[in-house]
Amino acid sequence: MTGCIAVLNAGSSSIKFALYEATDDGALLFRGQIENVGLAPHLKAVDAAGAVVAEHRWTSGALDHHAATAEILKVGRELLAGRPVIAFGHRVVHGGTEFAQPVLVDPAVIEALARLVPLAPLHQPHNLAPIEAIAAAAPTMPQVACFDTAFHRTQPALAQAFALPRDLTAAGVRRYGFHGLSYDYIVSRLQAIDLVLARSRLVIAHLGNGASLCAIRDGRSVANTMGFTAVDGLVMGTRTGSLDPGVLLYLMQERGMDAKAIEDLLYRRSGLLGVSGISSDMRTLRQSKAPAAAEAIALFVYRIVRETGSLAAALGGLDGFVFTAGIGENDAAVRAEVAAGCRWLGLDLDADRNAKGQGVISRDGAKVKVLVVPTDEERMIARYTGAVLGFR
Ligand code: ADP
């Protein structure tokens, strides 16, 4: 019986998981998640065909991250019905400057990753918790950490720099960039479907609850919109994106806000939610007739258009643009509005293709080829885990 690779992607309010055959780019067996951890947890797992194979709701918030991970491991064991897990792959948000590749976890790696917690306090502890729990329960189980930052380590020094005094830069205050597993996966898909495009000058737009753009040349990250933390850049579901740092001084000095209150504002109360006053969810905003919902979407699109211009400058031109993640893959109106704003760069969509939302959606002969490519971060983690352990 072939063994499996188990992938865990532990976020701040959800834990995603996926199980793959441990063969070369092995088949997906099951995937699922627990959403709303700590509030109203909801577990759902599906098989490779999308049929629901497990579902459970917890009425109280009793299920914290620790208990949710234990629940996922239990459900995973039940679904695998005796088939062995031979390795775990984990998404880890921050690899700092040290980790430019996925790495086999050992106690020294765990220590190094724990030192990066101050750089990603809302994500890194959640990523590390299941790694530590599995290491304690099954010390010989191979675990591979895959980083959201690693893909961006190819960026030129200029693209990673803030104009801060050198001692702060040396202490790690620099642009890291995130969503790297998603960008890496999209590049691998482009290499399979359009090698010429994969080698050209691209902007990939990962538009989900978190949102960022990445400039890619010849398959490597050149610049991106997220910086020191995942709050920089585009308008997101609940995060501000780029903000004049002077606003933070104003909030502290004139409004008496402390670090915790500002963190809550920047990460949880802003973005689409803050501007609309209605929801962080694009589907809900699309259904709303309220002017504030339309304004929130307009600001979301405007910032994408502005930042695309910036990334095209970093690339010295643009040949391709890829939409991915929940909004990028599903919201044809956002795609049309972004393309209209970037028409000067050569984006020109075919309305029928955009409505279908699969593969190439630009007109034939358009200067910039525009595609919709679904992302799959868990698949990328499984591939890396297999590669690090030499399963393929
Ligand atoms: P996460 O960053 O949590 O992985 P996703 O990539 O799942 O997020 O994206 C979530 C976002 O995608 C939400 O704003 C959601 O409303 C949006 N979305 C999902 N499906 C659609 C759709 N059919 N139309 C518009 N937006 C959608």
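Points worth noting:
- The set of residues in segment 256-282 being within 16 Å of the ligand (Cβ to nearest atom), among the hydrophobic types (A, V, I, L, M, F, W, C) and in contact with a Leu (Cβ under 9 Å, 6 or more places away or on another chain) consists of L272, V275, I278, M282.
- Within segment 2-39, considering residues that are within 14 Å of the ligand (Cβ to nearest atom) and hydroxyl-bearing (S, T, Y), the one nearest to E378 (Cα to Cα): S14
- Inspection of segment 195-202 finds no residue satisfying the criterion of being touching a Gly at 6+ places or on another chain (Cβ under 9 Å), at negative phi, within 13 Å of the ligand (Cβ to nearest atom) and at pLDDT 95 or above.
- Taking segment 283-316 as the range and being over 30 Å from R217 (Cα atoms), open to solvent by less than 50 Å² (accessible area, probe 1.4 Å) and within 14 Å of the ligand (Cβ to nearest atom) as the test, the residues that pass are L285, S288, A293, A296.
- Boolean, L345 is away from the ligand (no atom under 16 Å from the Cβ), over 26 Å from A120 (Cβ atoms), modelled with pLDDT of 95 or more and of a type in the set (A, V, I, L, M): yes
- Members of segment 317-332 found to be more than 6 Å from the ligand (Cβ to nearest atom) and assigned to a helix (DSSP H, G or I), listed by number: G328, E329, A332
- For segment 317-343, the tally of residues that are open to solvent by 10 Å² or more (accessible area, probe 1.4 Å), in contact with a strand residue (DSSP E or B) (Cβ under 7 Å, 6 or more places away or on another chain) and among the charged types (D, E, K, R) stands at 2.
- Selection from segment 228-255 of residues that are within 14 Å of the ligand (Cβ to nearest atom) and of a type in the set (S, T, Y): T238
- Residue satisfying condition, being without any contact (Cβ under 8 Å) to a residue 40 or more places away in the chain, surrounded by 12 or more Cβ atoms within 10 Å (Cβ to Cβ), more than 17 Å from I5 (Cβ to Cβ) and in contact with a strand residue (DSSP E or B) (Cβ under 8 Å, 6 or more places away or on another chain), within set Q124, Q160: Q124
- Residue within segment 245-256 that is of a type outside the set (A, V, I, L, M) and under 23 Å from P156 (Cα atoms) present: no
- V338 vs. criteria in contact with a Gly (Cβ under 8 Å, 6 or more places away or on another chain), within 16 Å of the ligand (Cβ to nearest atom) and not in a loop (DSSP other than H, G, I, E, B): no
- Qualifying positions in segment 109-156 - part of a strand (DSSP E or B) and among the β-branched types (V, I, T): V144
- Residue within segment 4-12 that is more than 22 Å from L128 (Cβ to Cβ) and in contact with a Lys or Arg (Cβ under 8 Å, 6 or more places away or on another chain) present: yes
- On the stretch given as segment 251-282, residues that are surrounded by 14 or more Cβ atoms within 10 Å (Cβ to Cβ) and either over 24 Å from the mean Cα position of the chain (by Cα) or not acidic (D, E) (or both) total 21.
- Failed condition for H206, given (1) in contact (Cβ under 8 Å) with a residue 60 or more places away in the chain; (2) more than 16 Å from the ligand (Cβ to nearest atom): (2)
- Test: I34 is β-branched (V, I, T) and open to solvent by less than 50 Å² (accessible area, probe 1.4 Å): yes
The values are calculated or read from the model by the stated rules, or taken from the named source; none is laboratory data. It should be emphasised that the depicted structure is a prediction, and the values quoted were computed from it without experimental measurement. In this analysis, Cβ positions are derived from the backbone assuming ideal geometry, glycine residues included, and neighbour counts consider all displayed protein chains. The protein model used for the area step is the full one, side chains on, heavy atoms only, and it has no ligands, DNA or RNA in it. Shrake-Rupley method; radii C 1.70, N 1.55, O 1.52, S 1.80 Å.
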